[in-house]
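Worksheet: the structure to be examined is printed underneath.
The values are calculated or read from the model by the stated rules, or taken from the named source; none is laboratory data. Given the structure is predicted, the values throughout are model-derived calculations rather than measurements. Positions of Cβ are generated from backbone atoms using ideal geometry, with glycine treated the same way; all protein chains shown enter the neighbour counts. Accessible surface areas use protein heavy atoms only, side chains included; no ligands, DNA or RNA. Shrake-Rupley method; radii C 1.70, N 1.55, O 1.52, S 1.80 Å.
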Amino acid sequence: MICDPFEFQSGQLPLLISIPHAGTRLTPAVEKGLTDEARPLQDTDWHIPRLYDFARAMGASILVGNYSRLVIDLNRPADDKPLYTTATTGLFPDVLFDGRPSFLPDAAPSDEERAGYLQNIWQPYHQQLQNELARLKARHGYALLFDAHSIASVIPRLFDGKLPDLNLGTNGGESCPASLSDRLVTCCQQQQQFSHVLNGRFKGGYITRAYGQPQENQHAVQLELAQVNYMSEQTFEFDAARAAPLQRLLQQMIESMLAWGEQQR
(Lines give C-alpha, C1' and ligand atoms only; values in the text may rest on other atoms or scores of the structure.)
Protein backbone atom coordinates (compact mmCIF):
# COMPACT_ATOMS: atom_id res chain seq x y z
CA MET A 1 0.00 0.00 0.00
CA ILE A 2 1.32 3.43 -0.99
CA CYS A 3 0.95 6.18 1.59
CA ASP A 4 2.09 9.81 1.64
CA PRO A 5 4.14 9.83 -1.58
CA PHE A 6 5.45 13.31 -0.79
CA GLU A 7 5.67 16.06 1.81
CA PHE A 8 4.68 19.55 0.78
CA GLN A 9 4.85 22.99 2.36
CA SER A 10 3.28 25.93 0.59
CA GLY A 11 5.12 29.23 0.84
CA GLN A 12 4.52 32.86 -0.03
CA LEU A 13 7.45 33.37 -2.41
CA PRO A 14 7.21 32.76 -6.19
CA LEU A 15 9.66 29.85 -5.72
CA LEU A 16 9.14 26.09 -5.52
CA ILE A 17 12.05 23.89 -4.47
CA SER A 18 11.57 20.34 -5.72
CA ILE A 19 13.50 17.55 -3.94
CA PRO A 20 12.58 14.29 -5.69
CA HIS A 21 15.41 11.99 -4.55
CA ALA A 22 15.75 12.44 -0.78
CA GLY A 23 13.20 9.72 0.08
CA THR A 24 14.18 6.40 1.64
CA ARG A 25 10.78 4.73 1.98
CA LEU A 26 10.48 1.34 0.26
CA THR A 27 7.56 -0.79 -0.83
CA PRO A 28 7.49 -4.41 0.42
CA ALA A 29 8.29 -5.77 -3.05
CA VAL A 30 11.31 -3.49 -3.47
CA GLU A 31 12.61 -4.11 0.04
CA LYS A 32 12.34 -7.87 -0.41
CA GLY A 33 14.14 -7.90 -3.74
CA LEU A 34 17.11 -5.58 -3.11
CA THR A 35 20.66 -6.86 -3.28
CA ASP A 36 22.88 -6.44 -0.23
CA GLU A 37 24.79 -3.77 -2.16
CA ALA A 38 21.60 -1.77 -2.76
CA ARG A 39 20.20 -1.92 0.78
CA PRO A 40 22.19 1.08 2.10
CA LEU A 41 20.34 3.20 -0.52
CA GLN A 42 23.61 4.93 -1.33
CA ASP A 43 22.18 6.66 -4.40
CA THR A 44 19.84 8.75 -2.23
CA ASP A 45 20.15 12.54 -2.32
CA TRP A 46 20.99 12.51 1.37
CA HIS A 47 19.97 15.42 3.65
CA ILE A 48 18.88 17.75 0.86
CA PRO A 49 15.75 18.94 2.75
CA ARG A 50 17.95 19.83 5.73
CA LEU A 51 20.48 21.56 3.52
CA TYR A 52 17.73 23.82 2.15
CA ASP A 53 16.06 24.54 5.51
CA PHE A 54 16.99 28.20 5.04
CA ALA A 55 14.74 28.35 1.96
CA ARG A 56 11.84 26.95 3.93
CA ALA A 57 12.39 29.68 6.51
CA MET A 58 12.53 32.30 3.75
CA GLY A 59 9.07 31.29 2.55
CA ALA A 60 9.75 29.07 -0.45
CA SER A 61 7.38 26.23 -1.25
CA ILE A 62 9.04 22.85 -0.67
CA LEU A 63 8.09 19.53 -2.29
CA VAL A 64 9.94 16.40 -1.12
CA GLY A 65 9.45 12.86 -2.44
CA ASN A 66 9.19 10.25 0.31
CA TYR A 67 9.97 7.07 -1.65
CA SER A 68 13.41 5.90 -2.67
CA ARG A 69 14.40 6.29 -6.30
CA LEU A 70 14.84 2.48 -6.27
CA VAL A 71 11.04 2.29 -6.12
CA ILE A 72 10.52 4.86 -8.89
CA ASP A 73 12.60 7.80 -10.08
CA LEU A 74 10.56 10.99 -9.95
CA ASN A 75 13.04 12.79 -12.21
CA ARG A 76 12.53 10.47 -15.17
CA PRO A 77 9.71 10.66 -17.74
CA ALA A 78 6.74 8.36 -17.34
CA ASP A 79 7.59 6.63 -20.63
CA ASP A 80 11.16 5.98 -19.36
CA LYS A 81 12.72 7.57 -22.44
CA PRO A 82 16.47 8.02 -21.77
CA LEU A 83 17.53 11.57 -20.91
CA TYR A 84 21.25 11.11 -21.49
CA THR A 85 23.27 9.33 -24.15
CA THR A 86 25.87 8.44 -21.51
CA ALA A 87 25.40 5.92 -18.68
CA THR A 88 22.35 6.65 -16.54
CA THR A 89 19.51 4.97 -14.65
CA GLY A 90 15.87 4.73 -15.63
CA LEU A 91 12.39 5.21 -14.25
CA PHE A 92 12.69 1.92 -12.37
CA PRO A 93 16.43 1.63 -11.64
CA ASP A 94 17.65 -1.94 -12.00
CA VAL A 95 21.26 -0.90 -11.46
CA LEU A 96 22.99 1.38 -8.99
CA PHE A 97 25.00 4.38 -10.12
CA ASP A 98 28.15 2.25 -10.01
CA GLY A 99 26.59 -0.37 -12.31
CA ARG A 100 25.94 -3.09 -9.75
CA PRO A 101 22.45 -4.65 -9.84
CA SER A 102 19.77 -3.20 -7.59
CA PHE A 103 17.75 -6.40 -7.36
CA LEU A 104 18.43 -10.08 -6.83
CA PRO A 105 17.83 -12.33 -9.88
CA ASP A 106 14.11 -12.48 -10.73
CA ALA A 107 13.31 -10.44 -7.61
CA ALA A 108 12.49 -7.03 -9.07
CA PRO A 109 8.91 -5.79 -8.65
CA SER A 110 6.46 -7.01 -11.27
CA ASP A 111 5.25 -4.87 -14.14
CA GLU A 112 1.89 -4.59 -12.36
CA GLU A 113 3.53 -3.40 -9.15
CA ARG A 114 5.59 -0.85 -11.01
CA ALA A 115 2.53 0.41 -12.84
CA GLY A 116 1.08 1.04 -9.38
CA TYR A 117 4.19 3.01 -8.38
CA LEU A 118 3.76 5.18 -11.46
CA GLN A 119 0.12 5.84 -10.65
CA ASN A 120 0.41 6.25 -6.88
CA ILE A 121 3.87 7.82 -6.37
CA TRP A 122 5.10 9.43 -9.59
CA GLN A 123 1.83 10.94 -10.74
CA PRO A 124 0.85 12.50 -7.38
CA TYR A 125 4.29 14.13 -7.06
CA HIS A 126 4.08 15.64 -10.52
CA GLN A 127 0.46 16.68 -10.05
CA GLN A 128 1.41 18.54 -6.87
CA LEU A 129 4.36 20.13 -8.67
CA GLN A 130 2.11 21.30 -11.50
CA ASN A 131 -0.57 22.55 -9.11
CA GLU A 132 1.92 24.58 -7.11
CA LEU A 133 3.55 26.12 -10.18
CA ALA A 134 0.08 27.11 -11.40
CA ARG A 135 -0.71 28.65 -8.01
CA LEU A 136 2.54 30.62 -7.99
CA LYS A 137 1.91 31.95 -11.48
CA ALA A 138 -1.64 32.92 -10.60
CA ARG A 139 -0.43 34.81 -7.52
CA HIS A 140 2.82 36.34 -8.77
CA GLY A 141 2.55 36.30 -12.56
CA TYR A 142 5.51 33.93 -12.86
CA ALA A 143 6.99 30.88 -11.13
CA LEU A 144 10.54 29.84 -10.30
CA LEU A 145 11.40 26.14 -9.96
CA PHE A 146 14.64 25.03 -8.32
CA ASP A 147 15.19 21.28 -8.61
CA ALA A 148 17.59 20.26 -5.84
CA HIS A 149 19.82 17.19 -6.08
CA SER A 150 23.09 15.72 -4.84
CA ILE A 151 25.37 12.84 -5.75
CA ALA A 152 28.64 11.27 -4.65
CA SER A 153 31.60 13.26 -5.95
CA VAL A 154 33.29 10.28 -7.63
CA ILE A 155 31.30 7.77 -9.73
CA PRO A 156 33.46 6.50 -12.61
CA ARG A 157 30.51 4.92 -14.43
CA LEU A 158 28.74 8.28 -14.72
CA PHE A 159 31.55 10.80 -15.10
CA ASP A 160 35.34 11.05 -15.27
CA GLY A 161 37.37 12.17 -12.29
CA LYS A 162 35.77 14.21 -9.52
CA LEU A 163 32.51 16.04 -10.11
CA PRO A 164 32.50 19.84 -9.76
CA ASP A 165 31.01 20.95 -6.46
CA LEU A 166 28.02 22.75 -8.00
CA ASN A 167 26.51 21.51 -11.27
CA LEU A 168 23.88 23.88 -12.64
CA GLY A 169 21.57 22.62 -15.36
CA THR A 170 19.15 24.54 -17.56
CA ASN A 171 18.65 21.97 -20.33
CA GLY A 172 21.25 23.73 -22.42
CA GLY A 173 19.58 27.11 -21.88
CA GLU A 174 16.04 25.93 -22.70
CA SER A 175 14.51 25.90 -19.20
CA CYS A 176 15.20 29.55 -18.26
CA PRO A 177 16.64 32.70 -19.82
CA ALA A 178 20.41 33.15 -19.87
CA SER A 179 19.99 36.22 -17.69
CA LEU A 180 18.86 33.95 -14.82
CA SER A 181 21.56 31.30 -15.22
CA ASP A 182 24.15 34.08 -15.59
CA ARG A 183 23.14 35.41 -12.19
CA LEU A 184 23.59 32.02 -10.57
CA VAL A 185 26.96 31.52 -12.26
CA THR A 186 28.03 34.96 -11.02
CA CYS A 187 27.22 33.90 -7.45
CA CYS A 188 29.51 30.91 -7.92
CA GLN A 189 32.26 33.03 -9.46
CA GLN A 190 32.28 35.42 -6.52
CA GLN A 191 33.63 32.77 -4.16
CA GLN A 192 36.72 30.57 -4.20
CA GLN A 193 35.80 27.53 -2.12
CA PHE A 194 33.52 25.61 -4.49
CA SER A 195 34.01 24.69 -8.14
CA HIS A 196 31.06 25.00 -10.50
CA VAL A 197 29.85 24.31 -14.03
CA LEU A 198 26.78 25.19 -16.09
CA ASN A 199 25.22 22.49 -18.29
CA GLY A 200 28.08 20.05 -17.84
CA ARG A 201 27.45 16.37 -17.11
CA PHE A 202 24.11 17.23 -15.47
CA LYS A 203 22.02 19.47 -17.70
CA GLY A 204 18.75 18.83 -15.88
CA GLY A 205 16.51 15.80 -15.64
CA TYR A 206 12.88 15.38 -16.56
CA ILE A 207 11.57 17.91 -14.04
CA THR A 208 13.78 20.71 -15.36
CA ARG A 209 13.05 19.82 -18.96
CA ALA A 210 9.30 19.36 -18.56
CA TYR A 211 8.52 22.35 -16.36
CA GLY A 212 11.10 24.88 -17.48
CA GLN A 213 8.86 26.88 -19.84
CA PRO A 214 10.20 30.45 -20.06
CA GLN A 215 7.63 31.35 -22.70
CA GLU A 216 4.97 30.60 -20.07
CA ASN A 217 6.75 32.63 -17.35
CA GLN A 218 7.84 29.40 -15.68
CA HIS A 219 11.60 29.14 -15.16
CA ALA A 220 13.47 26.05 -13.97
CA VAL A 221 17.02 25.34 -12.82
CA GLN A 222 18.53 22.10 -11.55
CA LEU A 223 21.43 22.03 -9.12
CA GLU A 224 23.37 18.80 -8.58
CA LEU A 225 25.68 19.10 -5.57
CA ALA A 226 28.74 16.98 -4.84
CA GLN A 227 27.91 15.41 -1.48
CA VAL A 228 31.45 15.63 -0.16
CA ASN A 229 30.83 19.29 0.65
CA TYR A 230 28.16 18.72 3.30
CA MET A 231 28.29 15.10 4.48
CA SER A 232 30.38 11.96 4.76
CA GLU A 233 30.16 10.00 1.53
CA GLN A 234 31.17 6.87 3.46
CA THR A 235 28.70 6.94 6.38
CA PHE A 236 26.11 9.30 4.85
CA GLU A 237 26.15 11.44 8.01
CA PHE A 238 25.41 15.14 7.74
CA ASP A 239 28.36 17.39 8.61
CA ALA A 240 26.98 20.72 9.84
CA ALA A 241 30.35 22.46 9.96
CA ARG A 242 31.21 21.39 6.42
CA ALA A 243 27.72 22.28 5.20
CA ALA A 244 27.63 25.83 6.62
CA PRO A 245 29.64 27.61 3.90
CA LEU A 246 27.78 25.69 1.20
CA GLN A 247 24.45 26.73 2.69
CA ARG A 248 25.57 30.36 2.67
CA LEU A 249 26.34 30.11 -1.03
CA LEU A 250 23.06 28.32 -1.74
CA GLN A 251 21.16 31.07 0.05
CA GLN A 252 22.94 33.69 -2.04
CA MET A 253 21.93 31.78 -5.17
CA ILE A 254 18.30 31.51 -4.09
CA GLU A 255 18.20 35.21 -3.17
CA SER A 256 19.71 36.09 -6.55
CA MET A 257 17.13 33.93 -8.31
CA LEU A 258 14.32 35.71 -6.46
CA ALA A 259 15.80 39.14 -7.22
CA TRP A 260 15.93 38.21 -10.89
CA GLY A 261 12.28 37.22 -10.77
CA GLU A 262 11.27 40.53 -9.24
CA GLN A 263 12.91 42.36 -12.15
CA GLN A 264 10.79 40.40 -14.64
CA ARG A 265 7.47 41.62 -13.26
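Quick notes on this structure:
- Residue match in segment 61-82 (condition: touching a residue at least 40 places away in the same chain (Cβ under 8 Å), basic (Lys, Arg) and in contact with a His (Cβ under 9 Å, 6 or more places away or on another chain)): yes
- Failed criterion for residue 167 (all others in (1) under 20 Å from the mean Cα position of the chain (by Cα); (2) open to solvent by 20 Å² or more (accessible area, probe 1.4 Å) hold): (2)
- Checking the stated criteria, residue 192 turns out to be free of Cβ contacts under 8 Å to residues at least 40 places away in the same chain, open to solvent by 60 Å² or more (accessible area, probe 1.4 Å) and not aliphatic (A, V, I, L, M).
- The set of residues from segment 15-26 being open to solvent by 10 Å² or more (accessible area, probe 1.4 Å) and either basic (Lys, Arg) or under 17 Å from residue 132 (Cα atoms) (or both) comprises just one member, 25.
- Counting only helices (runs of 4 or more DSSP H) that fall entirely inside segment 149-265 and contain at least 3 residues that are hydrophobic (A, V, I, L, M, F, W, C) and out of contact with any His (no Cβ under 8 Å at 6 or more places or on another chain), the qualifying elements are 178-189, 240-263.
- Segment 201-240: number of residues that are polar (S, T, N, Q) and closer than 16 Å to residue 173 by Cβ: 5
- Pairs, first over 25 Å from residue 12 (Cβ atoms) in segment 143-159, second buried (at least 23 other Cβ atoms within 10 Å of the Cβ) and hydrophobic (A, V, I, L, M, F, W, C), C-beta under 6 Å, six or more apart: 150/225; 153/163
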